[in-house]
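Asks: Sharing a structure here in structure tokens format.
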Amino acid sequence: MTPPTNTVCNCFCILLTADIISTVEFNYSGDLLATGDKGGRVVIFQREQENKTRPHSRGEYNVYSTFQSHEPEFDYLKSLEIEEKINKIRWLPQQNAAHFLLSTNDKTIKLWKISERDKRAEGYNLKDEDGRLRDPFRITALRVPILKPMDLMVEASPRRIFANAHTYHINSISVNSDHETYLSADDLRINLWHLEITDRSFNIVDIKPANMEELTEVITAAEFHPHQCNVFVYSSSKGTIRLCDMRSSALCDRHSKFFEEPEDPSSRSFFSEIISSISDVKFSHSGRYMMTRDYLSVKVWDLNMESRPVETHQVHEYLRSKLCSLYENDCIFDKFECCWNGSDSAIMTGSYNNFFRMFDRNSRRDVTLEASRENSKPRASLKPRKVCTGGKRKKDEISVDSLDFNKKILHTAWHPLENIIAVAATNNLYIFQDKIN
């Protein structure tokens with residue numbers, strides 16, 4: 001599977017300030033796509049089935065359900081406002097007709113059930129059709145209620161609320177391959193939950209020092225292995241990744257493997273530690289590799305080799321000369337995510353100016369594409385973009401000095417089986433599909 005040549009299949013534009021998209025996630029089949037936003041809402045898109053009148057509609061996604069997942073809260077003990085912003089969404093594998101997903105803000109994780117209803121019961125004995133109770137003494141015969149068709153209604157209902165387990169802001173949730181447990185991670189701790197138990201969790205990693213002045217790093221992301229239910233990884237702000245095995249001890253403070261790339265002393269600068277902080281870590285679908293994203297690059301690691309990554313892909317190396325201004329406007333602290341395609345042969349991550357980058361691991365080719373409303377007319381091919389770092393600028397190139405750092409793609413998702421990608425550009429969601437002949 002190669003990076004798509006990318007025909008725009010659909011483009012959703014949400015224009016309210018509260019609706020800045022904060023997470024994007026396909027479900028296991030790829031037929032549903034969930035987005036969470038800064039206003040605490042979850043919007044689910046469903047893929048259209050192909051029909052004879054519209055043969056190319058198969059790739060299109062339309063709004064399926066919208067619901068308010070989290071509300072703003074206030075912690076009176078600490079005098080802190082708790083934002084409603086959705087930090088992460090993770091789907092559970094489908095077991096029946098209903099779908100389940102986990103959503104989290106900074107403090108509280110919720111398990112939601114999304115189900116369809118297209119029939120309603122009529123002919124109750126104790127209630128009239130308008131819902132009023134009937135006088136039991138006037139009931140002379142028993143009726144058998146019958147199901148009648150109604151317009152399709154999609155309901156989202158909260159089934160579990162997992163709260164009060166994190167002192168710091170939750171940055172990751174990950175469902176285990178046993179489909180019974182999941183982890184949640186904040187800056188200093190990782191907790192293990194059972195999906196059926198809301199009042200307790202097990203602390204499996206705790207890096208909080210006795211004296212907070214001795215704190216040198218924080219946890220930035222964590223994820224379970226896709227096949228081995230006892231293995232998980234977590235990354236740190238120092239650019240290191242620790243792989244832990246829960247069989248070794250209940251508290252996994254001692255890691256099984258430690259992945260770190262040795263730093264080149266000649267390239268060390270004031271910004272070295274900031275740009276080496278890992279913002280995302282993702283296992284490949286096969287479980288053999290993992291990918292990490294730092295500020296300037298994406299690295300692919302073989303789980304059997306801890307000393308250095310097997311691949312390093314530069315995302316926007318041309319920004320190295322701009323680190324000072326990026327530090328002043330706080331962009332250097334942006335947390336970019338990354339994702340694999342279904343066959344692990346290609347990877348994708350975001351950049352500035354609404355650019356996103358795709359890397360083909362087999363051919364070593366890469367491409368820069370732009371998600372913008374101006375060049376995203378339905379079924380129009382996206383043209384590769386190039387950034388000019390100095391000297392004479394060619395016609396189709398854009399100068400590094402004219403990049404818009406307010407337009408950034410932090411969140412991306414790749415369909416698990418097909419060449420369909422979802423890209424969140426601030427408050428717009430773009431869905432691109434490989435060219436249909």
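The values are calculated or read from the model by the stated rules, or taken from the named source; none is laboratory data. Everything numeric in this text was worked out from a predicted model, so none of it was measured. Positions of Cβ are backbone-derived with ideal geometry, glycine not excepted, and every protein chain shown enters the neighbour counts. Please note that ligands, DNA and RNA were not included when accessible areas were found on the heavy atoms of the full protein model with its side chains. Shrake-Rupley method; radii C 1.70, N 1.55, O 1.52, S 1.80 Å.
Asks: Residues that are open to solvent by 90 Å² or more (accessible area, probe 1.4 Å) and at pLDDT below 85: does region 395-403 have at least one?
Replies: Kept after step one, since they are open to solvent by 90 Å² or more (accessible area, probe 1.4 Å), are these residues of region 395-403: 395-396, 401.
Pick out the ones that are also at pLDDT below 85 and you get 395-396.
Among the residues of region 395-403, at least one is open to solvent by 90 Å² or more (accessible area, probe 1.4 Å) and at pLDDT below 85, which makes the answer yes.
Asks: Could you list all residues from region 126-171 that are of a type in the set (Val, Ile, Thr) and under 30 Å from Lys78 (Cβ atoms)?
Replies: Ile161, Thr167, Ile170
Asks: For region 91-131, how many residues meet the condition of being of a type outside the set (S, T, N, Q), part of a strand (DSSP E or B) and either open to solvent by less than 20 Å² (accessible area, probe 1.4 Å) or within 17 Å of Gln46 (Cβ to Cβ) (or both)?
Replies: Of the residues in that region, 13 qualify.
Asks: From the residues in region 192-217 that are acidic (Asp, Glu) and part of a loop (DSSP other than H, G, I, E, B), which one is surrounded by the most Cβ atoms within 10 Å (Cβ to Cβ)? Spell out the reasoning first.
Replies: Within region 192-217, the subset acidic (Asp, Glu) is 196, 199, 206, 213-214, 217.
When the remaining residues are screened for being part of a loop (DSSP other than H, G, I, E, B), the result is 196, 199, 217.
On the way: Glu196: 10, Asp199: 8, Glu217: 16.
Among residues in region 192-217 that are acidic (Asp, Glu) and part of a loop (DSSP other than H, G, I, E, B), the one surrounded by the most Cβ atoms within 10 Å (Cβ to Cβ) is Glu217.
Asks: Scanning region 241-287 for residues that are basic (Lys, Arg) and in contact with an Asp or Glu (Cβ under 7 Å, 6 or more places away or on another chain), which turns out farthest from Glu217 (Cα to Cα)?
Replies: Lys282
Asks: Right, next: When you go through Ser177, Ser157, Ser248 one by one, which is the residue that is in a loop (DSSP other than H, G, I, E, B), of a type outside the set (A, V, I, L, M) and at pLDDT below 95? Before the answer, list the steps.
Replies: On the way: Ser177 fails: at pLDDT below 95; Ser157 fails: in a loop (DSSP other than H, G, I, E, B).
Testing whether each residue is in a loop (DSSP other than H, G, I, E, B), of a type outside the set (A, V, I, L, M) and at pLDDT below 95 leaves just Ser248.
Asks: Scan region 218-237 residue by residue and report those that are in a loop (DSSP other than H, G, I, E, B) and of a type in the set (A, V, I, L, M).
Replies: Listed by number, the list holds a single entry, Val218.
Asks: For region 263-278, give me each residue that is among the small types (Gly, Ala, Ser) and assigned to a helix (DSSP H, G or I). Spell out how you get there, then give the answer.
Replies: Here is the first cut: in region 263-278, the residues among the small types (Gly, Ala, Ser) are 266-267, 269, 272, 276-277.
Those that are among the small types (Gly, Ala, Ser) and assigned to a helix (DSSP H, G or I): Ser266, Ser267, Ser272, Ser276.
Asks: Identify the residue in region 280-306 that is touching a Lys or Arg at 6+ places or on another chain (Cβ under 6 Å) and under 11 Å from Thr240 (Cα atoms) and, among all such residues, is surrounded by the fewest Cβ atoms within 10 Å (Cβ to Cβ). Give the steps one after another, and end with the answer.
Replies: Of region 280-306, the ones touching a Lys or Arg at 6+ places or on another chain (Cβ under 6 Å) are 280, 291-292, 306.
The next check asks that each one be under 11 Å from Thr240 (Cα atoms); those that pass are 292, 306.
Numbers: Thr292: 25, Glu306: 14.
By that ranking, first place goes to Glu306.
Asks: In region 82-100, which residues are of a type in the set (A, V, I, L, M, F, W, C) and under 12 Å from the mean Cα position of the chain (by Cα)?
Replies: Residues satisfying the conditions are Ile86, Ile89, Trp91.
Asks: Before we move on, is Pro158 exposed (fewer than 14 other Cβ atoms within 10 Å of the Cβ) and touching a residue at least 12 places away in the same chain (Cβ under 8 Å)? Steps first, please.
Replies: Values: exposed (fewer than 14 other Cβ atoms within 10 Å of the Cβ): yes; touching a residue at least 12 places away in the same chain (Cβ under 8 Å): yes.
Answer is yes for this residue.
Asks: Can I ask one more? Could you grab me the full set of residues in region 162-197 that are over 26 Å from Val218 (Cα atoms) and among the β-branched types (Val, Ile, Thr)?
Replies: Correct list: Ile197 only.
Residues are listed down the side, and each one gets a yes or a no for (1) out of contact with any Lys or Arg (no Cβ under 9 Å at 6 or more places or on another chain); (2) more than 23 Å from Ile86 (Cβ to Cβ):
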position: Lys110; (1), (2): no, no
position: Asp118; (1), (2): yes, yes
position: Asn125; (1), (2): no, yes
position: Met153; (1), (2): no, yes
position: Ile204; (1), (2): no, yes
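Asks: Right, something else. When you look at Ser237, is it in contact with a Phe, Trp or Tyr (Cβ under 7 Å, 6 or more places away or on another chain), open to solvent by less than 70 Å² (accessible area, probe 1.4 Å) and of a type in the set (Ser, Thr, Tyr), yes or no?
Replies: When the stated conditions are applied, Ser237 does not pass them.
Asks: Could you tell me whether Ile82 is touching a Leu at 6+ places or on another chain (Cβ under 7 Å) and closer than 23 Å to Asn427 by Cα?
Replies: Spelling it out, it is not the case that Ile82 is touching a Leu at 6+ places or on another chain (Cβ under 7 Å) and closer than 23 Å to Asn427 by Cα.
Asks: For region 365-382, indicate whether the set of residues that are farther than 30 Å from Gln46 by Cβ and loosely packed, with under 15 Cβ neighbours inside 10 Å is non-empty.
Replies: Yes: region 365-382 contains one or more residues that are farther than 30 Å from Gln46 by Cβ and loosely packed, with under 15 Cβ neighbours inside 10 Å.
Asks: Can you give me the number of residues within region 320-346 that are farther than 15 Å from Ser286 by Cβ and either touching a His at 6+ places or on another chain (Cβ under 7 Å) or polar (S, T, N, Q) (or both)?
Replies: Within region 320-346, residues that are farther than 15 Å from Ser286 by Cβ and either touching a His at 6+ places or on another chain (Cβ under 7 Å) or polar (S, T, N, Q) (or both) number 4.
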